Number of protein chains: 2
Amino acid sequence: MEPIRIMVWGLGAMGGGIARLAAAKENLRVVAGVDRDPAKIGRDLGEVLARDPLDLVVESDPAAALARSKPDVVAIATGSFLREVEPQIETAVAAGANVICLAEEMAYPWAVDASAADRLDRLAKSAGVTVLGTGINPGFILDTLIIALTGVCHGIRRIKGVRINDLSPFGPTVMRTQGVGTTPEEFARGLADGSIVGHIGFQQSAAMIAAAVGWRLDRVEEERSPIVSTVRRQTEYATVEPGRVAGCRHLAYGYVDGELVLELEHPQQVVPAAEGVETGDYISITGSPGIDVAIKPEIPGGLGTIGIAVNMIPHVLAAQPGLVSMKDLPVPAFFGGNKM
Amino acid sequence: MEPIRIMVWGLGAMGGGIARLAAAKENLRVVAGVDRDPAKIGRDLGEVLARDPLDLVVESDPAAALARSKPDVVAIATGSFLREVEPQIETAVAAGANVICLAEEMAYPWAVDASAADRLDRLAKSAGVTVLGTGINPGFILDTLIIALTGVCHGIRRIKGVRINDLSPFGPTVMRTQGVGTTPEEFARGLADGSIVGHIGFQQSAAMIAAAVGWRLDRVEEERSPIVSTVRRQTEYATVEPGRVAGCRHLAYGYVDGELVLELEHPQQVVPAAEGVETGDYISITGSPGIDVAIKPEIPGGLGTIGIAVNMIPHVLAAQPGLVSMKDLPVPAFFGGNKM
């Protein structure tokens, strides 16, 4: 069988990881890599990925790259928000390519802009391609995995999902948007001016769960508060003194007919172990039967996002055309073909 | 929207549970119940299910019930083995009904008889209906859930799944087929003569996982041994004296190119807590990333089987025609519409 042709648009940590993983699989062929960073453009993609050369130069013009390389699927890893990636998805779809997009808001784009989602759906259908948003979270832990577990239930009263992770491996951008190292006052100002955002994806996860299990959510409320450290915490990119902020405790609550039915918690901080906090993914379904799941430690965010993006490729290629979400496709599965 | 019409074939513990759950949902309508037990035939189905009358009499002739009731889907809960349910599935498919079958061997029928599976696939396709085998295990814990978790992996070296459950609620048939209450010598003879079988479904779970993640399994070896109790264990249907057998420790090992890649363990016994054994479902993936999942206590087998059979109905109705397995359909999800 001919390998599946993939173009990767955005060669940061996530897109670079997708390109690296794809290049290591016999059943995938990386046919283009696109980025806007002048330090990457024009260099061999393999070199940019810190691996063997790929005889492929990083390009700056997505439309030209699409026309030249004719990919079956484009992985878009350029931003978090629908408005950023929407024109990019349109460009890829117009070239007849399927799309897997890592933008958090694309995990369930109906949650943020239903008319934009419907427009993408129509475009994808008329081009005969499938568009999917995915990632570890939103995309898997606090939505797809929860949905799968509800599949054994006779009734559901409440769902709680908690993802406790360690931000230590992440770089300056994540430190800044989570408020790591700030004073509690700076954290409050950052929340107010939008420079500290916490997790992006609760609205998407909540809407996907609701659509899957038949809930009509009245509203999804979010709460963000600083995780103030009592000890010194140190990572490569951040130092947190006692009394400073180690991260953002971000919660979401979903209501049906005024009743709390969904609690999602995602406290993100550096070195949680410094205060004895164990990382993990936890899902608790109150219902019949009740279900309590613990994944310890948590499934790592970066690895998991790259993995699920690549593993969903065959499902996306086999799907009916249109804009889909993880709840619409077959259960995720490891996509083999790793070169030895 | 018109409710989905369901016929339930086999009104034992599982089929009866499906009929009861379906009758409690606004989006399902139980249109026929079929059983071969003279004590049930001719009685009101609701009464047989120990609930309000359903104005529906338990029938003995499946073909007549199908012709009269024109179900969208038939739930078949009559036996464990493909050869038992195959003619029943054919009857339902010939009547133009989709099928959800609880026979363990139907969870992945290609594992036991690929030509029978292909024949069912052709029949279903020519009738324009979908046939699915499901259940809690095989069907969910030791296959679908494992597959879903591999969806984040870059590589997999080994998968281990363990389901430790408590047989105490089950009746005489389960006690007998698991060897509960026997001496170790009787247990050995029961294994030899086939009266003690342990778990049915390892071959199916292993084959489904392998197909999903791209493994070519050389072989799947199974081991059964007695769980000999050191204490007295008592349930409604069984008494186990010290030195007697409390259940069957059933293991399966799958190999690729001679290397062990899959371990499935399913020790089934009465009152495991009597010796401090905690029940639970455990999945451990050795790979990148490694994943360790614990579900404590285990998702209950009877409830879970009934739940997933009913919850898969909309996915089966929306699927392409043919014989499918859980890996082919969208992630399971709670199917709402419970009457208040």
Subject >> Residue satisfying all of: in region A:135-164; among the polar types (S, T, N, Q) and more than 13 Å from B:Gly304 (Cα to Cα); farthest from the chain's Cα centre (by Cα) among these >> reply: A:Thr144
**OP:** With the condition kept exactly as written, say whether any residue in region B:186-198 is in contact with a helix residue (DSSP H, G or I) (Cβ under 7 Å, 6 or more places away or on another chain), of a type in the set (Val, Ile, Thr) and either under 24 Å from B:Tyr253 (Cα atoms) or outside any loop (DSSP other than H, G, I, E, B) (or both).
**Re:** yes
Original post:
Can you find even one residue in region B:57-74 that is in a strand (DSSP E or B) and either among the small types (Gly, Ala, Ser) or under 19 Å from B:Gly133 (Cα atoms) (or both)?
Top reply: yes
Original post:
In this structure, does A:Thr130 turn out to be among the polar types (S, T, N, Q), farther than 17 Å from A:Leu66 by Cβ and either crowded, with 20+ Cβ neighbours inside 10 Å or without any contact (Cβ under 8 Å) to a residue 40 or more places away in the chain (or both)?
Top reply: no
Original post:
For region B:5-19, which residues satisfy the criterion of being crowded, with 21+ Cβ neighbours inside 10 Å and in contact with a Lys or Arg (Cβ under 8 Å, 6 or more places away or on another chain)?
Top reply: B:Ile6, B:Leu11
**OP:** Exactly one condition in (1) surrounded by 23 or more Cβ atoms within 10 Å (Cβ to Cβ); (2) outside any helix (DSSP H, G or I); (3) among the hydrophobic types (A, V, I, L, M, F, W, C) is not met by A:Ile209; state its number.
**Re:** (2)
**OP:** Output the strands (runs of 3 or more DSSP E) that fall wholly within region B:248-329 and possess 1 or more residues being touching a Gly at 6+ places or on another chain (Cβ under 8 Å) and more than 8 Å from every other protein chain (Cβ to nearest Cβ), or say none.
**Re:** B:259-269, B:280-288
Original post:
In region A:114-123, how many residues are within 21 Å of the chain's Cα centre (by Cα) and either on the phi > 0 side of the Ramachandran plot or among the hydrophobic types (A, V, I, L, M, F, W, C) (or both)?
Top reply: 4
Subject >> Those residues of region B:167-181 which are surrounded by fewer than 21 Cβ atoms within 10 Å (Cβ to Cβ) and among the β-branched types (Val, Ile, Thr), in sequence order >> reply: B:Thr173, B:Val174, B:Thr177
**OP:** Check B:Gly194, B:Gly171, B:Gly181, B:Gly201 and return the single one that is more than 14 Å from chain A (Cβ to nearest Cβ) and within 22 Å of B:Pro242 (Cβ to Cβ).
**Re:** B:Gly181
Original post:
Quick one: in region A:330-340, which of the residues that are assigned to a loop (DSSP other than H, G, I, E, B) and facing chain B (nearest Cβ under 10 Å) is surrounded by the fewest Cβ atoms within 10 Å (Cβ to Cβ)?
Top reply: A:Gly337
Subject >> Selection count where residues are in a strand (DSSP E or B), buried (at least 21 other Cβ atoms within 10 Å of the Cβ) and without any contact (Cβ under 8 Å) to a residue 60 or more places away in the chain, scope region B:20-56 >> reply: 5
**OP:** Assess whether B:Ala95 counts as being touching a residue at least 12 places away in the same chain (Cβ under 8 Å) and either within 13 Å of B:Ala309 (Cβ to Cβ) or of a type outside the set (Gly, Ala, Ser) (or both).
**Re:** no
**OP:** May I ask you to say which residue of A:Ile89, A:Ile164, A:Ile156 is within 11 Å of chain B (Cβ to nearest Cβ) and either aliphatic (A, V, I, L, M) or surrounded by fewer than 19 Cβ atoms within 10 Å (Cβ to Cβ) (or both)?
**Re:** A:Ile156
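Every number in this text was worked out from the coordinates using simple rules, so none of it is lab data. Model, not experiment: these values are computed from the prediction. Please note: Cβ atoms are built from the backbone with ideal geometry, for glycine as well, and neighbour counts cover all protein chains shown.
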